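Novice: The structure is given below, and queries will be raised subsequently.
Just so you know, all these numbers are worked out from the coordinates, no wet-lab data involved. Computed from a predicted structure; not experimentally measured. Here the Cβ positions follow ideal geometry from the backbone for every residue, glycine too, while neighbour counts run over all protein chains shown.
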Amino acid sequence: MDRRSFLQNLATAAATVKALTPVTPAAQATAGDTSGGSAPVSVEGHTLICEFEQNNRAWKAYEDLRTRDGVMTFVSSTGTTRVMPKSTEAGFAEAEPPHLGLSMDDIGLSGPDLLADKLLAGGNDPDPVQVRSAAPPQGSAPQQERGRGRWTTFVGTKEAHDVTPVYAAGSTRTWLPSQHFPELRPVPGQRQQQQEKRSAGLVGGWMPAARTVIELSPQSYIEHIVFGDVEATDKFIVQTWHRSAKVENGKITKVVYGYTY
């Protein structure tokens, strides 16, 4: 069986199992929760971000700032915990030279697929690291033209009929982090190097919570988190919540929260 047929069969089987698996209301209510009876979740070394109440339960929110992809952990007064992982992938070209050392002229004018041939030269499945380095991430090239910026991801909700684009700096049409962080403002006559060295990912492992990390130095970065408001009733406007935070040496030194539409 070739690789294409194998992947098609695997996808079909996974979709069938998902469709046949019943989802009970109890399972939906506890999805993502870790009850107090199981192994406790450690928040040692994590930073207490805030405390709040919901449904007559007091909650504490912690965040592991020792690493850029540190988890968020919510701990309730009844012992229930919810852990939300954070992920990022580089939005800039890391490989040098790009395209596995091949020129774009040779790739474009060649009849055979030169990139595929080089990736599959070993006879087995290609190395995932080499696959990622075969081409720069989409949107990583500096934007030369002037005018509206190029969006890199979007957020939305199942309740709305539209989405909100998120741009390279973590901004939206109505949320501009550069108003609060001078480090993100462009310098006339210079390239916006901070925005070029950015990473993007998710919070909780799924949409609609998108995350953008802009590195300022090896020890500091600015992180933007945005997600759509599922309680909003607008059908054609996605209302969004935002958090923009500057982290230096494992500590939040500045944070701004916002709600826009």
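Novice: At a threshold of 8 angstrom on Cα-Cα distance, excluding pairs fewer than six apart, so keeping six or more, what relative contact order does the stretch 150-260 reach in percent?
Specialist: Rounded, it is 24 percent for the stretch 150-260.
Novice: Restricting the calculation to Cα positions, tell me the Rg (one decimal) and the Dmax (whole number) of the stretch 58-187 in Å.
Specialist: Looking at the stretch 58-187, its Cα Rg and Dmax stand at 20.9, 64 Å.
Novice: Please order ASP234, ASP113, ASP105, ASP64 by the number of other Cβ within 10 Å, starting at the fewest. Intermediate values should be presented prior to the final figure.
Specialist: Values: ASP234 14, ASP113 11, ASP105 8, ASP64 18.
Neighbour counts put them in this order, fewest first: ASP105, ASP113, ASP234, ASP64.
Novice: While we're here: On a full-extension model of 0.36 nm per residue, what is the gain between ILE107 and HIS161, subtracting their alpha-carbon distance, rounded to one decimal in nm?
Specialist: Between ILE107 and HIS161, full extension yields an extra 15.5 nm.
Novice: Quick one: SER217, SER110, SER76, fewest Cβ neighbours within 10 Å first, how do they rank?
Specialist: SER217, SER110, SER76
Novice: Pop the C-beta distance of GLU231 and VAL255 into the FRET formula with R0 = 22 Å and round what comes out to the nearest 0.05.
Specialist: That gives a FRET efficiency of 0.45.
Novice: Please list the three semi-axes, largest first and in whole Å, of the ellipsoid equivalent to the stretch 150-260, using sqrt of 5 times the eigenvalues of its alpha carbon gyration tensor.
Specialist: One finds semi-axes of 25, 15, 12 Å for the stretch 150-260.
Novice: Output the pairs from LYS60/LYS86; LYS158/LYS197; LYS86/LYS197; LYS158/LYS235 with a Cα-Cα distance over 21 Å in this structure; if there are none, say none.
Specialist: Details: LYS60/LYS86 18 Å; LYS158/LYS197 32 Å; LYS86/LYS197 18 Å; LYS158/LYS235 10 Å.
Violating the 21 Å Cα-Cα cut-off are LYS158/LYS197.
Novice: Then there is this: Compute the FRET efficiency between VAL129 and GLU53 as 1/(1 + (r/R0)^6), taking r as their Cβ-Cβ distance and R0 = 41 Å, and round to the nearest 0.05.
Specialist: Efficiency computed from Cβ-Cβ geometry: 0.35.
Novice: Take ILE49, ILE214, ILE237 and order them by how many other Cβ atoms sit within 10 Å, fewest up front.
Specialist: On the way: ILE49 17, ILE214 26, ILE237 13.
Listed from fewest to most nearby Cβ atoms, that is ILE237, ILE49, ILE214.
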